[in-house]
1. Using amide H atoms built in the peptide plane, which far-off residues or other-chain residues are under 5 Å from ASP114 H to H?
2. For the chain, with all protein chains present and a 1.4 Å probe, just round the carbon and sulfur fraction of the accessible area to a whole percent.
3. Can you give the accessible area per residue of segment 32-100, in Å², using a 1.4 Å probe?
4. Which Cα, out of GLY37, TYR64, SER15, lies furthest along the positive dipole direction of segment 1-117 (beta carbon charges, K/R +1, D/E -1)?
5. With only alpha-carbon pairs counted, each pair once and no self-pairs, how large is the Kirkwood hydrodynamic radius of the chain in angstroms?
6. Regarding segment 12-91, what are the three Cα extents along the principal axes, ordered largest first, in Å?
7. Please give the per residue volume of the convex hull enclosing the alpha carbon atoms of segment 29-76, rounded to a whole number of Å³.
8. Starting from the eigenvalues of the Cα gyration tensor, five times each then square-rooted, give me the equivalent ellipsoid semi-axes of segment 83-135, largest first, whole Å.
Amino acid sequence: MKPKKLEFKNEKKKSYKKILKVIIIIGVLFFSLIGYGVYWAFYDMNRLPKGKYLTEKISPDGKYTLKAYITNGGATTTYAIRGELVFNEKNNKTKNIYWNSGEDIAKITWSDFDTVVINDHSLNVPNDKYDYRNQ
């Protein structure tokens, strides 16, 4: 049989370990939530401004259409180009794939069925994206 003092110390250590685990889990969840909030607010391409329509080009096989829009952030920011990929075979579902600041024109060419070049930035659609904020 263990002495009561030793049992009490073991119980105390176990309770400290449980409290420490709970604090670590809460901390990880808190910082994960903060990280996601920063991403959502500043880097999520789905939150880009709509802009004014500029031009569009259809891929050689007709599977995709790339539409370009110009956005004006006001007096404190420059113009930016937003490129929106339209999936013509999927009920015109759209996806932002291009965002670049300091541009006011959009030169779009299709190199092949799945490669589009926007202002000298080559992207393999539908998976590649260009976002100047991540460069």
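1. Amide H neighbours of ASP114: none.
2. Carbon with sulfur: 58 percent of the solvent-accessible area.
3. Working: 4240 Å² over 69 residues.
It amounts to 61 Å² per residue over segment 32-100.
4. With unit charges placed on the Cβ atoms, the residue in question is SER15.
5. In the chain this quantity evaluates to 18.4 Å.
6. If we take the Cα atoms of segment 12-91, the spans are 70, 39, 16 Å.
7. Enclosed volume per residue, from the Cα hull, is 106 Å³.
8. On the way: eigenvalues 71, 33, 22 Å².
Sorted largest first and rounded, they come to 19, 13, 11 Å.
The values are calculated or read from the model by the stated rules, or taken from the named source; none is laboratory data. All values reported here derive from a predicted model rather than from experimental measurement. For neighbour counting, all protein chains shown are included, and Cβ atoms are generated from backbone atoms with ideal geometry for every residue, glycine included. With ligands, DNA and RNA removed, areas are computed over all heavy atoms of the protein, side chains included. Shrake-Rupley method; radii C 1.70, N 1.55, O 1.52, S 1.80 Å.
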